[in-house]
Amino acid sequence: MRQPGLARIGVMLCSLGLAGCGSLGSAPTPLAGDLLSAPTTLNLGGRLLGLTAAPQLVRESDRFSVRVSVEASALTRSPTATDPLKVTGIYVFTGSGLWHSPRLNDFSSASTCPAQACAWGSGSANGFTAGEDVRVIAQLRDASGRTHWLRDARNQSVVSKPLIR
């Protein structure tokens, strides 16, 4: 025999759960497995995009930085190629864990960016060593505000650079 009070409580709890669903103000923090399964190419508005990364360790200052650029294939350039694309996060997967850039400088609209999007991220070099292979993933936002993930197709080796004064 069903109890009407129990069914009513169940319906109320379900409706409360659904009322809590909604739009997120920003993308949730991804897990390492999610990032490693990010695509290496992205078809966005008829453009086939790829990510190129250059991670480096700055000696004498214990800083790690990575520069990324998102480029469209020459074969897929389209009239929408000028739609803005912004780098909103840079993640680096190492053998010892996941690093998220605490400082991010997106310079996609600068004249020094020949690609669709360019950014530079930096932070503490805790756990990074020169010559280490890493995977670099960028979080992107398109003109409609949608979030996309793009991973460099190649493992990148961390390059050690001297401090330039």
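We did not get these values from a lab; they are worked out from the coordinates using the rules stated. From a predicted model like this one, the values you see are computed outputs, not experimental measurements. No Cβ is skipped: glycine too gets one built from the backbone with ideal geometry, and neighbour counts run over all protein chains shown.
How large is Rg over Rh for segment 81-141, taking Rg from the Cα atoms and Rh as the Kirkwood inverse mean of 1/r across Cα pairs?
1.03
C113 to A32: FRET efficiency via 1/(1 + (r/R0)^6), r the Cβ-Cβ distance, R0 22 Å, to the nearest 0.05?
About 0.15, to the nearest 0.05.
Please give the length that would be gained between T52 and R146 if that part of the chain were fully extended, namely 0.36 nm times their separation in residues minus their C-alpha to C-alpha distance (nm, one decimal).
31.7 nm
Ordered by residue, what ³J(HN,Hα) values in Hz, to whole numbers, does segment 122-127 give under the Karplus form 6.51 cos²θ - 1.76 cosθ + 1.60, where θ = phi - 60° and Gly and Pro are x?
8, x, 5, 8, 3, x
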